[in-house]
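The values are calculated or read from the model by the stated rules, or taken from the named source; none is laboratory data. Being a predicted model, the structure only gives us computed values, none of them experimental. Methodologically, a virtual Cβ is constructed for each residue, glycine included, from the backbone with ideal geometry; neighbour enumeration extends over all protein chains shown.
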């Protein structure tokens, strides 16, 4: 009798995720954010998922690749939204408000506080040059929008990006999303931070900004 083809688990699924890849990322996010990169092994990640270590390598060639995937997961959606907003005729203040709110919304939606990964020393390693380039691109997009409001030489232009990321310090890391993604509303913290980003620039917050931002996010997701 022919042997069944597959990558066997050691036991039944124990992580959240609709695929083995998503379960691996969930387990890695917990371990990386609670005990760091260096102290986490692929064996520990595989064991947390309930698969063999060799099976993990079917989905990710290395621990570094898992870490990079998690880093990029909170950068790429906002970069895509910022790029799309750059091609629109929406006012700079509305675009900046939407971008701050969207980034904070994303960082609040994950089970584990993935933003903490930015703060690990290993994140600065040349191994993660792809992430560094994407983060720089996103920061520059934030700064460009802010500069269009206060001028390119105003040091406040750097603040909205950091205000958006301050949400990392405002949420827990207990395996529960601080604010699950919703198509009908934005997390109050995301709204507060987006308002603060404009306030520090002395820019008036646009009317219907929440509804307009949700529409922009939906359009970007659909695209």
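Restricting 146, 157, 164 to residues that are in contact (Cβ under 8 Å) with a residue 60 or more places away in the chain and crowded, with 19+ Cβ neighbours inside 10 Å narrows the list to 164.
Selection of region 19-41 for residues being within 15 Å of residue 122 (Cβ to Cβ), without any contact (Cβ under 8 Å) to a residue 24 or more places away in the chain and surrounded by 17 or more Cβ atoms within 10 Å (Cβ to Cβ) yields 31, 40. Taking every residue in region 186-212 that is not assigned by the TED database to the domain that holds residue 172 and pairing it with any residue that is modelled with pLDDT under 95 and surrounded by 15 or more Cβ atoms within 10 Å (Cβ to Cβ), at least 6 positions away or on another chain, yields no pair with a Cβ-Cβ distance below 6 Å. Annotation: of all residues in region 47-89 being out of contact with any helix residue (DSSP H, G or I) (no Cβ under 8 Å at 6 or more places or on another chain) and within 30 Å of residue 199 (Cβ to Cβ), the one that is modelled with the lowest pLDDT is 87.
Being touching a residue at least 12 places away in the same chain (Cβ under 8 Å) and over 15 Å from the mean Cα position of the chain (by Cα), is that true of even one residue in region 107-118? Checked region 107-118: no residue is touching a residue at least 12 places away in the same chain (Cβ under 8 Å) and over 15 Å from the mean Cα position of the chain (by Cα). If you go through region 115-127 and keep only what is more than 14 Å from residue 76 (Cα to Cα) and buried (at least 18 other Cβ atoms within 10 Å of the Cβ), you end up with 116, 117, 123.
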